[in-house]
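Since the structure comes first, as structure tokens, the remarks are kept for the end.
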Amino acid sequence: MRVFIVKNYEELGVQAAQIVSGQIYVKPNSILGLATGSTPLSMYRHLVNIYQEYGLDFSEVTTFNLDEYVGLPEDDKNSYHYYMYNHLFRHVNLDRMKIHLPDGMAVNIDEECLAYEKAIQDCGGIDLQVLGIGQNGHIGFNEPDEKFEAYTHEVKLKQDTIEANARFFDDVSEVPTRAVSMGIKTIMQAKKVVLLANGSNKAEAVYRAVCESITPTNPASILQLHQDVIVIIEEGAATYLRDRLTLQQKERILFFNKIHECNGIIAS
Ligand code: PGA
């Protein structure tokens, strides 16, 4: 696990977009795992910019999103379908046949979960998975629980997640209570993972993910077992790491202060 602290949210987007675009340059038919929420917005903005300014070619790229609410149609402005088309898909030359999100309106959600998981496996698995992190340590919609759910599954959202996401809705009562999410094994099978965190409200979750025990009650902690994880956080989300890490822990997780000092390492 390599942790990089960047000076602000804009820089987080720049660095994350460089990693994603580097992946596409190196492997034009990459399978990307994509995240929604407020954190990756600057990354998507910079990816669109790289497409427009430098002609980054998405035509052979395949995408799988982490999750989708159950019960929201694709054209609902709070669905993750809508979010992805709004912030990335309609701005770049992705082949629509290669875009995948779980269908939260499927009549049979269990079958939808199975089909989604199979589609990922049939493509050979994800090359690069982008993740945000919830204040409760969730990745995708894998909520804190007594056990890890391995594969794509239906989730009952925790109250703190519903409340955190209420800011996107007119009222908390409108936030769906269920979602479809990739499982922990689906995520862990990705060849490379990039975890993004922004804001002081994520500082504790980041610290717990990077430094504390690996447990399903803190789902992001499982990433400590992944062989290729880059954590990019802006200053606010880094406060617990800065304050609480011992020197030994810092050495263990290859702790750097500035991502631009480490571009060679990211690229290697
Ligand atoms: P956020 O959500 O990017 O909107 O903070 C991240 C998450 O809950 O996984």
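Nothing in this text is a laboratory measurement; each read-out follows from the coordinates by a stated rule. Computed from a prediction, not measured in an experiment: that's the story for all the values here. Reconstructed Cβ throughout: ideal geometry from the backbone, glycine too, with neighbour counts over all protein chains shown.
Quick look at the values:
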item: Top-ranked residue of the stretch 121-142 - restricted to ones that are more than 10 Å from the ligand (Cβ to nearest atom) and not β-branched (Val, Ile, Thr), ranked as surrounded by the fewest Cβ atoms within 10 Å (Cβ to Cβ); result: Asp122
item: Subset of the stretch 211-234 [more than 16 Å from the ligand (Cβ to nearest atom) and either assigned to a helix (DSSP H, G or I) or crowded, with 22+ Cβ neighbours inside 10 Å (or both)]; result: Cys211, Gln224, Leu225
item: Residue match in the stretch 78-92 (condition: more than 30 Å from Asp170 (Cβ to Cβ), out of contact with any Phe, Trp or Tyr (no Cβ under 7 Å at 6 or more places or on another chain) and surrounded by 15 or more Cβ atoms within 10 Å (Cβ to Cβ)); result: no
item: Out of Lys118, Lys147, Lys156, sole residue that is within 16 Å of the ligand (Cβ to nearest atom) and surrounded by fewer than 17 Cβ atoms within 10 Å (Cβ to Cβ); result: Lys156
item: Residue in the stretch 156-173 that is closer than 15 Å to Asn65 by Cα and touching a residue at least 12 places away in the same chain (Cβ under 8 Å) present; result: no
item: Pairs where the first residue, in the stretch 221-234, is touching a residue at least 40 places away in the same chain (Cβ under 8 Å) and the second is of a type in the set (Ser, Thr, Tyr), C-beta under 7 Å, 6+ apart; result: Ser221/Ser213; Ser221/Thr215; Glu234/Tyr9
item: Residue in the stretch 175-203 that is farthest from the ligand (Cβ to nearest atom), counting only those that are surrounded by 17 or more Cβ atoms within 10 Å (Cβ to Cβ) and within 12 Å of Ala238 (Cα to Cα); result: Ala203
item: Within the stretch 90-122, tally of residues that are under 21 Å from Ser30 (Cα atoms) and free of Cβ contacts under 8 Å to residues at least 12 places away in the same chain; result: 7
item: Count of residues meeting criterion [under 18 Å from the mean Cα position of the chain (by Cα) and more than 17 Å from Leu128 (Cβ to Cβ)] in the stretch 44-66; result: 2
item: Selection count where residues are more than 17 Å from Thr161 (Cβ to Cβ), of a type in the set (D, E, K, R) and touching a residue at least 12 places away in the same chain (Cβ under 8 Å), scope the stretch 23-72; result: 4
item: Subset of the stretch 1-29 [surrounded by fewer than 21 Cβ atoms within 10 Å (Cβ to Cβ), farther than 11 Å from Ile232 by Cβ and either aliphatic (A, V, I, L, M) or over 16 Å from the mean Cα position of the chain (by Cα) (or both)]; result: Met1, Lys7, Asn8, Glu10, Gly22, Tyr25, Val26, Lys27, Pro28, Asn29
